[in-house]
1. May I ask you to list the residues in region 18-53 that are touching a Leu at 6+ places or on another chain (Cβ under 7 Å), under 19 Å from N150 (Cα atoms) and of a type in the set (G, A, S)?
2. Are there strands (runs of 3 or more DSSP E) fully within region 33-132 with at least 2 residues that are within 10 Å of the ligand (Cβ to nearest atom) and over 19 Å from K154 (Cα atoms)? List them.
3. Considering only residues that are open to solvent by 50 Å² or more (accessible area, probe 1.4 Å) and among the small types (G, A, S), which ones fall in region 181-204?
4. Starting from residues that are hydroxyl-bearing (S, T, Y) and closer than 12 Å to H196 by Cα, keep the ones in region 7-28 and report whichever is nearest to the ligand (Cβ to nearest atom).
5. Keeping to region 176-204, report how many residues are closer than 18 Å to G148 by Cβ and not small (G, A, S).
6. Could you grab the pairs with beta carbons closer than 6 Å, sequence gap of 6+ or different chains, first residue in region 46-73 and basic (K, R), second one assigned to a helix (DSSP H, G or I) and within 9 Å of the ligand (Cβ to nearest atom)?
7. Would a scan of region 157-174 turn up a residue that is in a strand (DSSP E or B), modelled with pLDDT of 95 or more, touching a strand residue (DSSP E or B) at 6+ places or on another chain (Cβ under 6 Å) and away from the ligand (no atom under 16 Å from the Cβ)?
8. Just to be sure, is L145 under 22 Å from D86 (Cα atoms), without any contact (Cβ under 8 Å) to a residue 60 or more places away in the chain and within 17 Å of the chain's Cα centre (by Cα)?
Amino acid sequence: MKKYTVTIIGGGVAGLSCALTLASSKGFPKLPQDFSFLVIDDGKSDLKKARLYNVPLAENGIDGEELLNKLHSQIKKFRNTSFVEDTVKSISGTKGEFNITTSGEKQILSDYVVLATGMHKFEIAGDDFIIEDHDNVPKPGKIKLKAGVNNKIKAGVYAAGLAAGVPTMFACAAGSGVETACGVLSDIQENKTVIHDTAKSRLN
Ligand SMILES: Cc1cc2nc3c(=O)[nH]c(=O)nc-3n(C[C@H](O)[C@H](O)[C@H](O)COP(=O)(O)OP(=O)(O)OC[C@H]3O[C@@H](n4cnc5c(N)ncnc54)[C@H](O)[C@@H]3O)c2cc1C
């Protein structure tokens, strides 16, 4: 069975920003030769209800769903990321050998897992998740996952976006997804890692 390098659960702005950063990774010697990424999403991102006037570099009044579509197109240009519409039910295993099960009865193998599941609920079975109140949202019932530096929950598992506790703004969720991607890449590289391209760095 194919094994993904990183599986991202949740395809809102946090999950897609994480995926975009990972997809753009290039030339890292410790990334597996056949590295690949997967985004699993059940299609209920908050962004689909929004019209936005304050997203840096986006046109004022842009529809949230259009922003998600633009992110999908950007990621697809890298050809190393797949997308599945489904709901994740459980995660088991450890770093390097996670087993993810969906309600559509898919079994997915992955080295790393990112939980970009938003603030409304967390219903994925697994034994190491601590669910806390989302202290950036003054409404009852909104949650985040307990995580540390670079949103790391435990070896191989990370949070991102509202699930990591950032304020409910597009740019905060995007930045959190990127931070998580850097955390995962740093773990793989065993060194602090970011991606900084130049005009020449994509030529070969
Ligand atoms: C009406 C409205 C207006 C807004 N206006 C603005 C604005 O003007 N400016 C601004 O900056 N922000 C605005 N926001 C906030 C912004 O949309 C959110 O901050 C942002 O979308 C959060 O992104 P996220 O990826 O963390 O979470 P989400 O967008 O919630 O994405 C999480 C995704 O994970 C999926 N998921 C959860 N569990 C599972 C599972 N088990 N399996 C598979 N998928 C799963 C969810 O269904 C969802 O698709 C607005 C939000 C709303 C609701």
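1. The one that is touching a Leu at 6+ places or on another chain (Cβ under 7 Å), under 19 Å from N150 (Cα atoms) and of a type in the set (G, A, S): S25.
2. Here the list reads 37-41, 81-85.
3. A199
4. Filtering first and then ranking leaves T21.
5. Residues meeting the conditions: 11.
6. K48/G64
7. No; the residues of region 157-174 include none that is in a strand (DSSP E or B), modelled with pLDDT of 95 or more, touching a strand residue (DSSP E or B) at 6+ places or on another chain (Cβ under 6 Å) and away from the ligand (no atom under 16 Å from the Cβ).
8. Answer is yes for this residue.
The values are calculated or read from the model by the stated rules, or taken from the named source; none is laboratory data. Keep in mind the model is a prediction, meaning the values are calculated, not measured. Neighbour counts are summed over all protein chains in view; Cβ atoms, including those assigned to glycine, are modelled from backbone coordinates with ideal geometry. Ligands, DNA and RNA are excluded from the accessible area calculation, which covers all protein heavy atoms including side chains. Shrake-Rupley method; radii C 1.70, N 1.55, O 1.52, S 1.80 Å.
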